[in-house]
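The structure under discussion appears below in the form of structure tokens.
The values are calculated or read from the model by the stated rules, or taken from the named source; none is laboratory data. Bear in mind that the values here come from a model prediction, so they are computed numbers and not experimental data. Note that each Cβ is placed from the backbone with ideal geometry, even for glycine, and that neighbours are counted across all protein chains shown.
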Amino acid sequence: MQKILTLLSLFVWLAALPMVSQANEPLTSEQLIQKIEKTQRKIDRYKAAYKTASEEDKQLLILQFLKREQQLRENLGLLVGKVIAGDSDYKKQALAIVTEQSEVIAEEILVIDSAVGKATEKQAAAETVIDIMAVNQKIDQTNVLLDDYLNAFYVNTQQLEQLGATAESQIQSKKLDKLLNHYAHKAEGQLELAKMSLDNVSDLLLYAPDDTKAELVSKKNILAHKTKNIAASMSRRIALMDVRGLDTASFHVILLGVTGQVSGDIFNGEVFMDIASRATEALNNWFMHNGIDLTWKLLLFVAIIAAFKALSKVAVRVVETALMKSKLNISALLRDFFVSMTSKVVMVIGVLIAFSQLGIQITPLLAGLGMAGVVIGFALQDTLSNFASGMMILLYRPFDVGDLIEAAGVTGLVSNLTLVSTTVLTLDNQSLVVPNSKIWGDVIRNVTDQKQRRVDMVFGIGYSDDIPKAEQVLMEILTSHKMVLPEPEPNVKLHTLNESSVDFIVRPWVKTEDYWDVYWDVTREVKQRFDAENISIPFPQRDVHFYKTE
């Protein structure tokens, strides 16, 4: 079988191979006629020998027959060209040969069509994958040969018209158009059948056990190759029909729908309108069968989303009320986090339920999200670090919204906190977004965490000034200031004997929000009272000695 297929493949290749004349000089019309007659005699001998030859010899005879047929048609084409060019003495002989070839080509088309039918019957009886492949290959090769003879029939029809046999040319044109329509419709049926079989095998692959998948994959590959070859044959026939001016719009649509193969003719108005009409009809049919159900599902989807959106608002109010009335000492940041998460969780549940009503499987979706989460986790390690730090800040509450903090080299008021970052409003009104991992991994100084703060100040007097008097003045300034707290008591003590001054520490206690007001007021008042009481505030002094040398 393999040997026969090899020979068949070879003669198909030779049949399509352009034959080049070996003569150095162009042949005359008489010489062409002699060559044609000689070739015809060889063809007749091959036909006679074919009837009694063995199976293997038959394949060799077919090869030689096809080769001589190709030579004859090429020489006949040269002869017709010479007659048209002005060598009219051989017009009658050329017309007789062309007419005879019309009958020969028509008979050969019927023989090839019969061979295709027999091969198709063998295909139905084939059991193994190898047998199916062999039969498919033979069918593909025979279809290529059939398309070659259809093209030869078209050329023969043109030659009849060129030689003036108008009536015969018209009869043969009608016969050719009939053949083209027949074989185009035949290819259309074969293509749709092959595509259906391919889809069935593809569906079986989804549920087949592992021990049968290998065989199904082989069948799928065979059917895909068969579909491709049938589409190629149909394309060749459509191209010849387009040359003949036949209506091929429906065939182009079938070719596009089955294989996705788009040719330049797809932009033809008729083809485009045919596609649009079919698409519209298919859409209408689909909507008639599924439109009501889909409409209800969409309405249900929208209703579920709306219901869960309203439910999320109710849940947010419930959580806010519960947190406000609870005795849990939680920060405003953690409270906002719980409220926000409540809303998001309710909406996620609502979306999943809504999608399930549309027929979307939620389990694979959740599994996919889980796998995506693992991948994203590796890709966003820094972000996850910020997320973890944000959770720790929410749980341990080192600061809250409105607190003045110093952390990660930043000083300012906390204005917002998310799970990945903290927004700090600096004292000069700049917004800084700091990653939570930077804050949690550094020392956090919460300036406003306590309700009371001690203001630490140092004031110096001269060595010649009255120390008790200075202490008295400083204490009067503190006790007379309305923002200085009586408890704990303010503290004024002689602290350091510096190089140029005697330094007192002045430490009043104030409310945290009054810190800077007291600091600035006391500093101003000390300067004014020291000036009024003739108490000096020294500045660094140096004695400079000049020595004169001779």
Sole residue being assigned by TED's automatic domain parsing to the domain that holds Thr120 and charged (D, E, K, R), chosen from Asp210, Asp148: Asp148
Residue match in region 175-184 (condition: surrounded by fewer than 18 Cβ atoms within 10 Å (Cβ to Cβ), modelled with pLDDT of 80 or more and not charged (D, E, K, R)): yes
Tally, over region 389-408, of residues that are in contact (Cβ under 8 Å) with a residue 24 or more places away in the chain and either farther than 24 Å from Val339 by Cα or part of a helix (DSSP H, G or I) (or both): 12
Residues satisfying the stated conditions in region 483-499, i.e. part of a loop (DSSP other than H, G, I, E, B) and surrounded by 11 or more Cβ atoms within 10 Å (Cβ to Cβ): Met483, Leu485, Pro488, Glu489, Pro490, Asn498
Some residue of region 129-151 being at pLDDT below 85 and over 48 Å from the mean Cα position of the chain (by Cα): no
Region 437-453: number of residues that are touching a Lys or Arg at 6+ places or on another chain (Cβ under 8 Å) and exposed (fewer than 15 other Cβ atoms within 10 Å of the Cβ): 2
Considering residues of region 500-518 that are in a helix (DSSP H, G or I) and out of contact with any Asp or Glu (no Cβ under 9 Å at 6 or more places or on another chain) only, the residue surrounded by the fewest Cβ atoms within 10 Å (Cβ to Cβ): Trp516
The listed residue being modelled with pLDDT under 85, of a type in the set (A, V, I, L, M) and within 11 Å of Ile33 (Cα to Cα), out of Leu76, Leu95: Leu76
Hits in region 210-245 - residues which are modelled with pLDDT of 80 or more, surrounded by fewer than 16 Cβ atoms within 10 Å (Cβ to Cβ) and more than 31 Å from the chain's Cα centre (by Cα): Ala239, Val243, Arg244, Gly245
Residue match in region 469-483 (condition: in contact with a strand residue (DSSP E or B) (Cβ under 8 Å, 6 or more places away or on another chain), closer than 27 Å to Ile405 by Cβ and not assigned by TED's automatic domain parsing to the domain that holds Leu404): yes
Total residues in region 412-423, condition in contact (Cβ under 8 Å) with a residue 24 or more places away in the chain and either surrounded by fewer than 17 Cβ atoms within 10 Å (Cβ to Cβ) or in a loop (DSSP other than H, G, I, E, B) (or both): 3
From the options Ser431, Ser464, residue that is among the hydroxyl-bearing types (Ser, Thr, Tyr) and not assigned by TED's automatic domain parsing to the domain that holds Val410: Ser464
Some residue of region 34-41 being touching a residue at least 40 places away in the same chain (Cβ under 8 Å) and closer than 25 Å to Leu95 by Cβ: yes
Residue match in region 74-97 (condition: among the hydroxyl-bearing types (Ser, Thr, Tyr), in the same structural domain as Asn143 (by TED's automatic domain parsing) and crowded, with 18+ Cβ neighbours inside 10 Å): yes
Residue within region 81-104 that is touching a residue at least 60 places away in the same chain (Cβ under 8 Å) and acidic (Asp, Glu) present: yes
Region 428-462 - residue that is more than 48 Å from the chain's Cα centre (by Cα), free of Cβ contacts under 8 Å to residues at least 60 places away in the same chain and assigned to a loop (DSSP other than H, G, I, E, B) and, of those, nearest to Leu395 (Cα to Cα): Asp449
Selection count, region 310-335, where residues are in a helix (DSSP H, G or I), crowded, with 17+ Cβ neighbours inside 10 Å and at pLDDT below 75: 3
Test: Ser480 is among the polar types (S, T, N, Q) and surrounded by 14 or more Cβ atoms within 10 Å (Cβ to Cβ): no
Flag if Ser356 is polar (S, T, N, Q), at pLDDT below 80 and touching a Leu at 6+ places or on another chain (Cβ under 9 Å): no
Top-ranked residue of region 187-206 - restricted to ones that are touching a helix residue (DSSP H, G or I) at 6+ places or on another chain (Cβ under 9 Å) and of a type in the set (Gly, Ala, Ser), ranked as farthest from Thr120 (Cα to Cα): Ser202
